[in-house]
1. Compute the distance from the alpha-carbon center of region 68-84 to that of region 20-66, in whole Å.
2. Using a cut-off of under 19 Å, list every residue of region 41-65 whose amide N is near the label point 7 Å from the Cα of TYR82 along the Cα-to-beta-carbon line.
3. Counting other C-beta atoms within 10 Å, which of LEU114, LEU88 has the fewest, and how do the rest follow?
4. How high is the relative contact order of the chain, in percent, with contacts defined as C-alpha pairs under 8 Å that are six or more residues apart?
5. For the chain, with only Lys/Arg (+1) and Asp/Glu (-1) charged at the beta-carbon, what is the dipole magnitude about the Cα centre, in debye rounded to 20?
6. Using a simple spin-label model with points 7 Å from Cα along the Cα→Cβ vector, what separation in nm is obtained for ILE7 and LEU63?
7. For each of ILE54, ILE68, ILE27, count neighbouring Cβ atoms within 10 Å of the residue's Cβ, then give the residues from fewest to most.
8. Treating cross-link reach as a plain straight distance, find the aspartates and glutamates whose alpha-carbon is under 17 Å from the alpha-carbon of LYS17, omitting any fewer than eight places away in the same chain.
Amino acid sequence: MNKQGKIWGYTTEVFNKNNVSVSRLSIIKGSCCSKHLHKYKHNTFYIEEGKALIQEWKNDYNLLDETILTKGQMCTIPPNTYHRFIGLENTIMYEIYHTELSSTDIIREDTGRLQY
């Protein structure tokens, strides 16, 4: 496992394969990450314990949406959306990065059958 110190706590990568990455974040109460965006990745946050504020800046009007997450809750930030998290308590949060799969990503050569 790759544990990295951050100004707001630390992150430990749990899984990284193909189009999915999962990290376990330990966030210090009162600290926050940078305001940032991801060009291609969706960013899902899931709270294991504690409480965090997720800030999401929407559209060209720079409107700010704020969501408070507690144990067992989650939210997803779409690509190209500025966001940040703030630890309202000492918090353990999972950060899941994923790209969108296309439902048209299948090419059929024949059809299925009831009996072969």
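Where a number appears in this text, it was derived from the coordinates with a stated rule and is not lab data. As the structure is a computational prediction, the values presented were derived from the model and not from experiment. Virtual Cβ from ideal backbone geometry, glycine too; neighbours counted across all protein chains shown.
1. So the separation of the two Cα centres works out to 5 Å.
2. Within reach of a label on TYR82: 41-43, 53-65.
3. Values: LEU114 4, LEU88 16.
Going from sparsest to densest Cβ surroundings: LEU114, LEU88.
4. Working: 263 pairs, mean separation 36.9, N = 116.
It rounds to 32 percent for the chain.
5. Values: 14 positive and 13 negative charges, 67 e Å.
Value, rounded to 20: 320 debye.
6. About 3.0 nm separates the two model spin labels.
7. Details: ILE54 22, ILE68 13, ILE27 26.
The fewest-first ordering by Cβ neighbours comes to ILE68, ILE54, ILE27.
8. Answer for LYS17, where 17 Å is the Cα cut-off: GLU95, GLU100, listed by chain and number.
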